[in-house]
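A.B. asks: Dropping a structure here in structure tokens format, bear with me for questions.
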Amino acid sequence: MIRIEPRNAPSRLMTTGIPVLSAVVALALAAIPLAFAGAPIGPAYVQMFRGVFGSMFAFSEMLTRATPLIFTGLAAALAFRARLWNIGAEGQLYLGAMAAVAIGTGVLDVPGIVLLPMIIILGAAAGAAGMAVPALLKTRFGADEVVTTLLLNFIILIFLQMMLEGPLKDPMGLGWPQSAPILDQGMLPTLMTRMRVHSGLILALVVAAIAQFMLVRSVWGFRLRAVGENAAAARHAGISVNRSLFSVAIISGGLAGLAGVSEVAGLKGYLTADLSPGFGYTGIVVAMLAGLSPAGVVLAALFIASVFVGADSMSRAMGVSSYLADLVVAMSLLCVLIGGFFARYRITRTARAAQ
Amino acid sequence: MNMDKVLSLNGLTKRFGTVVANDAVDLDLHKGEVLALLGENGAGKTTLMNMLFGHYMPDAGTVDVADADGTMRPLPLGHPQAALAAGIGMVHQHFTLAENLSALDNIVLGAEPLWHPRRNRAGARKKIKGIMARSGLVAPLDTRVGRLSVGERQRVEILKALYRDARILVLDEPTAVLTPQEADMLFENIGAMTADGLSVIFISHKLREVLAFSQRIAVLRHGVKVGEIATKDADERVIARMMVGADTPTTPRTKMTPGAPVLHLSGVSVHGHSKRDSLNNIDLDVHQYEILGIAGVSGNGQTVLAGLISGLQRADTGQITVDGAEITRPNPRMMIRAGVGRIPEDRHHDGIIGAMSVAENMVIERLNDPEIQSRGLLNREAIQQNAERLVQEYDVRGPGADAPARLLSGGNIQKLILARVFEQGPRLILANQPTRGLDMGAAAEVGRRLLVARARGAGVVLISEDLDEILGLADRIMVIHDGQLHAANTRDREEIGLMMAGEHSDEHSAKHSGVSA
């Protein structure tokens, strides 16, 4: 008979090794769809690798892609640590981006040293406000935040389209539903000449470091972990569960808002309704792959971005569909979930041996 | 008594790594016999029964069970289904009920095919009613188990085993949550059923009921069967010595004069959804240097009362005063600040955060303490030192202060909670079922700590279903029944037992007074 038993304490090697192993297995499994698409497997992998590490430009493209994923990954990781299921990072990202273009496109003609911080703070505030509503509904009325945050994504997206056809529409945009460009002094500076990677990456890394420090070392992080692991015991110990949930909701929403700021003020310069190819949702994968650790989010975001950028380049060179990247990302999530199961449980046969 | 053998365990051995949980244990059970299995926690009683029931695979040894005709046949080990088919029923210490199903569904669950769950529901109900009538184990069949009290859940567990036509019934601490009368009735009815051929093994810590209701007593210590004795030849001292290997020290309880009141409840009512979560016009006073024992069967309002004192629950009417200051909008934090130390009923669920370290769990109520944090950042060194000191002082055994708290055993989790509570020098201590599930050593330690706190001047509210514990520790006793609190002007267990069952008369209860011990 096969029996599944919880392990006493997953070892350190397991908790760090399993995500890495899952990523490797997911990459290996990508050979199956590649073979179906008729691409030569070996050269395809080489091309995928070159697409990320083949040149400075390729590498900078990967970093550019990783930047918003670090923000949305952190948004998911922190909220999930408190068992607050924020599925709404996609919408909060757009709220942050809308706030950025609302004040960054000429309403205020002030120097960059004033304008840029304002864009960042207002963008984060808009994202935070977007998550404050579901958090309030949850703490006050017990509304399931999975449902409210998910549905808010669609509401925000439609609101965005309305704004891009209305108040935010670029009068010089030849009728396209897009916003006016952000003023030059409102843009996040690029890090390297003729590359797209911008200082949003630095901001993301700093924020990740702060998040990691706060989670482990601060009273706020202690309360957050306590509420997430056992809300009943946390409440019994005098921790205000609602206050903890609300504070992490604000921060999670703010981080997602920063992803929008970073994309619009770091990369695109103007806002369209297809700013994010699902960064909010991919952030959930990043957070899970990272084991909900902020430091891990950075590594997971780099991995996922590599897969996207590498698979993109490979699909162009090999003539296979670029949806392959999505497939690898999805498989790595599945591998992580299955791997996490093996980290927590072991499977034994009880027919002969003692369990 | 019919002396046909129905079960024999032969040389059962079980090792977990280097720990020998059971070492070549032999045990026989005869038809119609009630065998008590005694031993401290960790003595290997539950491991032995889990091998019998197929949950664990023994490293050595065999089990023979009599079939319906009385022929002894070897039991295939490691298969719970085989144990069930052989007529072995087990009622676990930790309930194995589905909370969102009704009691009836729980009882028939697994005993009927899954693909037709409503088949012959009326027949099942009739059969259960019959068992209830014979055994006296009454539980509301159509109520969701999640809404039942701990005591009722246990009754459903026993009914579940009886419903499966068990010929051998294993009860792991069956009376922990029953009133003395209910327990007596349970054993009386088990007596009636054993006359019909049922054989019973029950695991218990309560020497009194072991002596009163078993025919034979087997004692395990450190995984070895250290003795077997016919109950008529045993007394409490003999078996206690067999269990722990020495005479148990009884906690000396010196008489003390109660001081100023530390907790005062007047006219407190809570209107809950049902009777079990309601309180009806409660008056209560606890003084310094005093332990107030609150006896009662679970589900009579203890949870609400504990919730009020813990700060988890608000009163609909009435007044709560802690140390002279009225608490208007209670919350746990405010209660902690007012000097109330709380030992929760469900220590796993409310007492600790299993995934966090022992050290973190020890400071979780002190997060605003400048010794623990400054400007919002944790002082990790102080947390570590605090933990190392308390682990020593309170003898918390386990993998260490940095290990997740869930790796501790029940007794050590309780010690962790005691350390956390007593270190803050509480003015008032709420101890809700503080020794439930603990072995004699750990339970004695809890009692000793409560008495030390009392000697220091704390007032203690001790809520317990174990009347022996209340009689042993409390200076004053009140009985909770149906959301009402009555002073017991007696220390007679029969009389208190009657009050727990709701049969108090006004001669026995004067609301505002109690007799001091």
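The values are calculated or read from the model by the stated rules, or taken from the named source; none is laboratory data. Because the structure is a prediction, the values reported are computed rather than measured. As a convention, Cβ positions derive from the backbone with ideal geometry for all residues, glycine included, and neighbour counts pool all protein chains shown. Areas reflect the complete protein model, heavy atoms only, side chains present, ligands, DNA and RNA absent. Shrake-Rupley method; radii C 1.70, N 1.55, O 1.52, S 1.80 Å.
To keep it simple, each residue is scored yes or no on (1) hydroxyl-bearing (Ser, Thr, Tyr); (2) crowded, with 23+ Cβ neighbours inside 10 Å; (3) in contact with an Asp or Glu (Cβ under 9 Å, 6 or more places away or on another chain).
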{"site": "B:GLY324", "(1), (2), (3)": "no, no, no"}
{"site": "B:ILE327", "(1), (2), (3)": "no, no, no"}
{"site": "B:PRO332", "(1), (2), (3)": "no, no, yes"}
{"site": "B:HIS349", "(1), (2), (3)": "no, no, no"}
{"site": "B:ILE353", "(1), (2), (3)": "no, yes, yes"}
{"site": "B:MET356", "(1), (2), (3)": "no, no, yes"}
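A.B. asks: If you don't mind, there's one more thing I want to ask. As an exercise: evaluate B:ALA68 against (1) open to solvent by 20 Å² or more (accessible area, probe 1.4 Å); (2) within 14 Å of chain A (Cβ to nearest Cβ); (3) small (Gly, Ala, Ser) and give the number of the one condition it does not meet.
C.D. replies: Every condition holds for B:ALA68 apart from (2).
For (1) assigned to a loop (DSSP other than H, G, I, E, B); (2) under 21 Å from the mean Cα position of the chain (by Cα); (3) modelled with pLDDT of 95 or more; (4) acidic (Asp, Glu), each residue gets a yes or a no:
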position: A:LEU164; (1), (2), (3), (4): no, no, no, no
position: A:PRO167; (1), (2), (3), (4): yes, no, no, no
position: A:ILE182; (1), (2), (3), (4): yes, no, no, no
position: A:ILE202; (1), (2), (3), (4): no, yes, yes, no
position: A:VAL207; (1), (2), (3), (4): no, yes, yes, no
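A.B. asks: Do we find a residue being under 23 Å from the mean Cα position of the chain (by Cα) and among the β-branched types (Val, Ile, Thr) anywhere in the stretch B:275-293? It would help to see each step written out before you state the result.
C.D. replies: Residues of the stretch B:275-293 that are under 23 Å from the mean Cα position of the chain (by Cα), as a first pass: B:275-279, B:291-293.
Those left that are additionally among the β-branched types (Val, Ile, Thr): B:291.
Yes, the conditions are met somewhere in the stretch B:275-293.
A.B. asks: Restricting to the stretch A:194-222, give me the number of residues that are within 7 Å of chain B (Cβ to nearest Cβ) and crowded, with 23+ Cβ neighbours inside 10 Å. Explain how you work it out, then say what you get.
C.D. replies: So the first thing to find is which residues in the stretch A:194-222 are within 7 Å of chain B (Cβ to nearest Cβ), and the list is A:217-220, A:222.
Filter again for crowded, with 23+ Cβ neighbours inside 10 Å, leaving A:222.
Going through the stretch A:194-222 one residue at a time, the tally reaches 1.
A.B. asks: Starting from the stretch A:17-29, take each residue that is open to solvent by less than 60 Å² (accessible area, probe 1.4 Å) and list its partners that are aliphatic (A, V, I, L, M) and not in a helix (DSSP H, G or I), counting only C-beta distances under 6 angstrom and pairs at least six apart or across chains.
C.D. replies: Here the result reads none, with nothing in the stretch A:17-29 linked to a residue that is aliphatic (A, V, I, L, M) and not in a helix (DSSP H, G or I).
A.B. asks: Just give me the residues in the stretch B:90-108 being of a type in the set (Asp, Glu) and either part of a loop (DSSP other than H, G, I, E, B) or in contact with a Gly (Cβ under 8 Å, 6 or more places away or on another chain) (or both), in sequence order.
C.D. replies: Our first condition is that a residue be of a type in the set (Asp, Glu); within the stretch B:90-108, this holds for B:99, B:105.
Result: B:GLU99, single match.
A.B. asks: So which residues in the stretch B:361-387 are more than 10 Å from every other protein chain (Cβ to nearest Cβ) and either touching a residue at least 24 places away in the same chain (Cβ under 8 Å) or among the aliphatic types (A, V, I, L, M) (or both), if there are any at all?
C.D. replies: Those that are more than 10 Å from every other protein chain (Cβ to nearest Cβ) and either touching a residue at least 24 places away in the same chain (Cβ under 8 Å) or among the aliphatic types (A, V, I, L, M) (or both): B:MET362, B:ALA382, B:GLN384, B:ASN386, B:ALA387.
This table checks each residue for (1) touching a strand residue (DSSP E or B) at 6+ places or on another chain (Cβ under 9 Å); (2) touching a residue at least 24 places away in the same chain (Cβ under 8 Å); (3) within 22 Å of A:HIS198 (Cβ to Cβ); (4) part of a loop (DSSP other than H, G, I, E, B).
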site	(1), (2), (3), (4)
A:ALA77	no, yes, no, no
A:TRP85	no, yes, no, yes
A:GLY91	no, yes, no, no
A:VAL101	yes, yes, yes, no
A:PRO117	no, no, yes, no
A:ILE121	no, no, yes, no
A:ARG140	no, no, no, no
A:VAL147	no, no, no, no
A:ASN153	no, yes, no, no
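A.B. asks: Could I ask something else about it? Look through the stretch A:224-233, keep the residues that are more than 7 Å from every other protein chain (Cβ to nearest Cβ) and within 15 Å of B:LEU367 (Cβ to Cβ), and return whichever of them is farthest from the chain's Cα centre (by Cα). First the steps, then the outcome.
C.D. replies: Going residue by residue through the stretch A:224-233, those that are more than 7 Å from every other protein chain (Cβ to nearest Cβ) are A:224, A:227-228, A:231.
Narrowing the set further to residues that are within 15 Å of B:LEU367 (Cβ to Cβ) leaves A:224, A:227.
On the way: A:LEU224: 20, A:VAL227: 22 Å.
In this case the residue turns out to be A:VAL227.
A.B. asks: Do you know which residues across the stretch B:71-92 are open to solvent by 40 Å² or more (accessible area, probe 1.4 Å) and in contact with a Leu (Cβ under 9 Å, 6 or more places away or on another chain)?
C.D. replies: Of everything in the stretch B:71-92, just one residue is open to solvent by 40 Å² or more (accessible area, probe 1.4 Å) and in contact with a Leu (Cβ under 9 Å, 6 or more places away or on another chain), namely B:MET72.
A.B. asks: Select from the stretch B:71-89 the residues that are away from chain A (no Cβ under 14 Å) and in a loop (DSSP other than H, G, I, E, B) and write down the one among them that is modelled with the lowest pLDDT.
C.D. replies: Kept after step one, since they are away from chain A (no Cβ under 14 Å), are these residues of the stretch B:71-89: B:71-75, B:84-89.
Still in the running and in a loop (DSSP other than H, G, I, E, B): B:71, B:75, B:86-87.
On the way: B:THR71: 84, B:LEU75: 88, B:ALA86: 88, B:GLY87: 88.
Top of the filtered list is B:THR71.
A.B. asks: Still on this model: If you check B:LYS5 against the conditions, is it open to solvent by 10 Å² or more (accessible area, probe 1.4 Å), modelled with pLDDT under 90 and among the charged types (D, E, K, R)?
C.D. replies: When the stated conditions are applied, B:LYS5 passes them.
Conditions tested, residue by residue: (1) within 30 Å of A:MET56 (Cα to Cα); (2) in contact with an Asp or Glu (Cβ under 6 Å, 6 or more places away or on another chain); (3) of a type outside the set (A, V, I, L, M).
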{"residue": "A:LEU116", "(1), (2), (3)": "yes, no, no"}
{"residue": "A:THR139", "(1), (2), (3)": "no, no, yes"}
{"residue": "A:VAL146", "(1), (2), (3)": "no, no, no"}
{"residue": "A:ILE156", "(1), (2), (3)": "no, no, no"}
{"residue": "A:HIS198", "(1), (2), (3)": "yes, no, yes"}
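A.B. asks: Condition test on B:ASP482, is it open to solvent by 30 Å² or more (accessible area, probe 1.4 Å), in contact with a strand residue (DSSP E or B) (Cβ under 9 Å, 6 or more places away or on another chain) and not polar (S, T, N, Q)?
C.D. replies: On the way: open to solvent by 30 Å² or more (accessible area, probe 1.4 Å): yes; in contact with a strand residue (DSSP E or B) (Cβ under 9 Å, 6 or more places away or on another chain): yes; not polar (S, T, N, Q): yes.
Here the answer is yes, as B:ASP482 does meet what is asked.
A.B. asks: Oh, and also: What's the number of the condition B:GLY32 fails, among (1) within 14 Å of another protein chain (Cβ to nearest Cβ); (2) on the phi > 0 side of the Ramachandran plot; (3) not in a strand (DSSP E or B)?
C.D. replies: In the conditions (1) within 14 Å of another protein chain (Cβ to nearest Cβ); (2) on the phi > 0 side of the Ramachandran plot; (3) not in a strand (DSSP E or B), B:GLY32 misses (1) alone.
A.B. asks: In addition: Report whether or not B:ILE336 is open to solvent by 20 Å² or more (accessible area, probe 1.4 Å) and within 8 Å of another protein chain (Cβ to nearest Cβ).
C.D. replies: Yes, satisfied.
A.B. asks: Moving on to the next point. Please note which helices (runs of 4 or more DSSP H) are completely contained in the stretch B:376-491 and include at least 1 residues that are farther than 28 Å from B:ARG276 by Cα. Outline the logic, then answer.
C.D. replies: Values: elements: B:380-393, B:410-422, B:440-456, B:467-473.
So the answer is B:380-393, B:410-422, B:440-456.
A.B. asks: Given the structure, is A:THR64 under 30 Å from A:ALA143 (Cα atoms), open to solvent by less than 10 Å² (accessible area, probe 1.4 Å) and polar (S, T, N, Q)?
C.D. replies: Criteria not met by A:THR64.
A.B. asks: Which condition number in (1) surrounded by fewer than 20 Cβ atoms within 10 Å (Cβ to Cβ); (2) out of contact with any helix residue (DSSP H, G or I) (no Cβ under 6 Å at 6 or more places or on another chain) is the one that B:ALA43 fails?
C.D. replies: Just one mismatch for B:ALA43, condition (1).
A.B. asks: Would you check if A:PRO181 is open to solvent by 60 Å² or more (accessible area, probe 1.4 Å), in contact with a Phe, Trp or Tyr (Cβ under 7 Å, 6 or more places away or on another chain) and away from every other protein chain (no Cβ under 14 Å)? Even if it seems obvious, please write down each step before you answer.
C.D. replies: Numbers: open to solvent by 60 Å² or more (accessible area, probe 1.4 Å): yes; in contact with a Phe, Trp or Tyr (Cβ under 7 Å, 6 or more places away or on another chain): yes; away from every other protein chain (no Cβ under 14 Å): yes.
For A:PRO181, the condition - open to solvent by 60 Å² or more (accessible area, probe 1.4 Å), in contact with a Phe, Trp or Tyr (Cβ under 7 Å, 6 or more places away or on another chain) and away from every other protein chain (no Cβ under 14 Å) - is met.
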